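Comments concern the structure below.
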Amino acid sequence: MQTEVVLGIGGNKGDRSSYLARAREALSREVMLISSSQVYETEAWGGVAENGSFLNQVLLVHTSLEPLALLKLTQAIELALGRTRDQHWGDRTIDIDILYFGDQVCSSSSLTIPHPYLTQRSFVLQPLAEILPKKIHPILRKTTLELLAECTDQGQISVWKQAK
């Protein structure tokens, strides 16, 4: 059985665009990529980013993996792409977050679904609203557009225009 899953990907170290592409490519070997938002350039959120702004994107995928198996996969991809966990919310080559896993709600020491900071991050809600504006948060029972309208995050976010 396939489950609809929403992933957030982003990073601010090295060739940011290349890391996003490589993460999408690695994911698409294991899950079915259905849709992706535009890429957004955003300010760092929650931590100190010495390497500057992030590129972020939201992906809609279908998978037959269970949540913890998907988490293991995303962490393996992060590791393969040079992700280190030196500082919480610090600089990174790539970060892959499970935002939604169908309509499941779970909380364990290793995984919380829906993502616990989803509603606080405009850099997640803006691209999510682009591809799933009517997606209902399974706990708050609000659409993505409603959550975006209520979000107090004032960080700069803009569609990324890759240099030619």
query: Checking THR152 against (1) surrounded by fewer than 18 Cβ atoms within 10 Å (Cβ to Cβ); (2) β-branched (Val, Ile, Thr); (3) under 17 Å from the mean Cα position of the chain (by Cα); (4) over 24 Å from GLU30 (Cβ atoms), which test does it fail?
result: (3)
- prompt: For ARG16, are the conditions met, namely being free of Cβ contacts under 8 Å to residues at least 40 places away in the same chain, in contact with a strand residue (DSSP E or B) (Cβ under 7 Å, 6 or more places away or on another chain) and either of a type in the set (D, E, K, R) or crowded, with 22+ Cβ neighbours inside 10 Å (or both)?
  reply: yes
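Since every read-out is calculated from the coordinates, none of them should be taken as a lab result. Source: prediction; values computed, not measured. For neighbour counting, all protein chains shown are included, and Cβ atoms are generated from backbone atoms with ideal geometry for every residue, glycine included.
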